[in-house]
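Below is one structure, written out as structure tokens, with a few remarks after it.
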Amino acid sequence: MLAVISDIHSNTEALKAVLNDIATRNVKEIICLGDVVGYGPEPLECVELVSKRSAVTLMGNHDLAVMFEPTKFNIAAETSCFWTRHRIEEEKDIERRNACWQFLGNLPVKHTVDGNDYEMGELVFVHGSPRRPVNEYIFPDDVYSNPARVKGAFERFDTVCFVGHTHVPGVFFDTPDFYTPDELEGVLEIDPLKKVLINVGSVGQPRDRDPRAGYVLVEPRRIRFIRVEYDFNSVAEKVYAIAELDDYLGSRLKEGR
Ligand SMILES: [Fe+2]
């Protein structure tokens with residue numbers, strides 16, 4: 001089994017809950033689709049946990065922003081980005097600081113896995129979209145408001161593609177159409193003749209009105225959406241205690257939005 005996690009956003013509690021859940025299952029490898037940092041209170045801890053536990057981690061737009069520069073960020077996101085950079089930079093343990101920059105600076109933007117073990121074609125992994133791996137959003141509404149964007153994404157992979165970035169889990173078909181995990185009762189049976197684009201949701205800042213941490217398991221011919229309870233109140237308190245992090249970044253965790 002493969003576990004695919006994404007959008008941790010410096011939320012250690014959510015990450016630990018997901019890693020503990022993964023440890024109870026027969027998971028061979030973890031793939032992380034990026035945004036390890038940004039928004040949340042504990043960037044170094046999350047970088048360390050992810051670098052230890054995941055086999056592959058991809059570059060998210062927030063990881064890129066902390067390393068280089070934020071583009072098209074709202075004010076709360078931009079301020080959290082600069083705080084994250086400052087937090088890493090002021091780390092007194094030089095080895096710890098350097099390891100964090102090394103990790104963030106070397107993240108690839110795309111990963112592929114031969115899907116034979118899972119009775120599927122090639123599996124493609126990116127943060128945003130197969131067309132623009134780091135920055136393009138594919139929202140459920142795009143099925144209606146921007147179908148060309150969804151179709152454009154489907155032209156750039158052959159069978160199964162995993163994304164994060166919007167923090168909204170679910171499955172896109174090339175019709176185009178979108179199904180929430182609830183509509184699928186948490187499970188997608190893979191039809192090898194149909195392309196699918198799967199959003200794995202977010203570990204550390206879900207935005208589908210379910211505050212539980214989310215991730216995905218890949219089994220032979222099957223994708224399973226998993227949710228895990230964690231103590232979002234204590235994370236919110238950590239956010240409130242840091243002046244540079246907008247209080248909203250804490251309170252939104254309680255509602256999953
Ligand atoms: Fe994100």
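Within the shell of other residues whose beta carbon sits under 12 angstrom from the beta carbon of T12, the net charge comes to -3, with Lys and Arg scored +1 and Asp and Glu -1.
Coupling constants for the range 150-158 follow from the phi torsions by the Karplus curve (6.51 cos²θ - 1.76 cosθ + 1.60, θ = phi - 60°), and in residue order they are 5, 4, x, 5, 5, 6, 10, 8, 9 Hz; glycine and proline get x. Between D93 and Y248, the distance separating the two model label sites (each 7 Å from Cα on the Cα→Cβ line) works out to 3.4 nm.
With +1 on the Cβ of every Lys and Arg and -1 on the Cβ of every Asp and Glu, and nothing else charged, how large is the dipole of the chain about its Cα centre, in debye rounded to the nearest 20?
On the way: 30 positive and 42 negative charges, 48 e Å.
My answer is approximately 220 debye.
For the residue pairs K72/K194; K52/K92; K16/K238; K110/K194, the C-alpha atoms sit more than 25 angstrom apart in K72/K194. A Cβ-based charge dipole, computed about the Cα centre of the range 11-121 with Lys and Arg at +1 and Asp and Glu at -1, lands at about 20 debye.
Below 13 angstrom from the Cβ of E122, what's the summed charge of the other residues (Lys, Arg +1; Asp, Glu -1)? Don't skip to the end; give the middle numbers.
On the way: positive: K110, R156, K195; negative: D114, D117, E119, D158.
Value of the local net charge: -1.
Please give the helix 43-53 orientation as an angle from the longest Cα principal axis of the chain, in degrees from 0 to 90, rounded to the nearest 10. The angle comes out at about 40 degrees. Solvent-accessible area assigned to carbon and sulfur over the chain amounts to 47 percent, based on a 1.4 Å probe.
Output the direction-averaged projected area (hull surface divided by four) of the convex hull of the alpha-carbon atoms of the chain, in nm².
Working: hull surface 50.0 nm².
That works out to 12.5 nm².
Extension gain, A23 to D182: 0.36 nm times the residue separation minus the Cα-Cα distance gives 54.8 nm. Using Cα springs under 10 Å in a Gaussian network model of the chain, which residue among L49, L64, L245 shows the largest mean-square fluctuation? The residue with the greatest mean-square fluctuation here is L49.
The residues of the chain present an accessible area of 44 Å² per residue when probed at 1.4 Å with all protein chains retained. Its Cα centre serving as origin, the range 151-257 has a Cβ charge dipole (Lys and Arg +1, Asp and Glu -1) of approximately 160 debye.
Most tightly packed first, judged by the mean number of other beta-carbon atoms within 10 Å of their residues, the peptides 50-60, 231-241 read 50-60, 231-241.
How many percent of all Cα-Cα pairs in the range 30-161 sit more than 18 Å apart? Present the calculation step by step, with values, prior to reporting the outcome.
Details: 5090 of 8646 pairs.
Of all Cα-Cα pairs in the range 30-161, 59 percent lie more than 18 Å apart.
The values are calculated or read from the model by the stated rules, or taken from the named source; none is laboratory data. Model, not experiment: these values are computed from the prediction. Glycine also receives a Cβ, built like all others from the backbone with ideal geometry; neighbour counts cover every protein chain displayed. When the accessible area is computed, the model is the full protein with side chains, heavy atoms only, and any ligands, DNA or RNA have been set aside. Shrake-Rupley method; radii C 1.70, N 1.55, O 1.52, S 1.80 Å.
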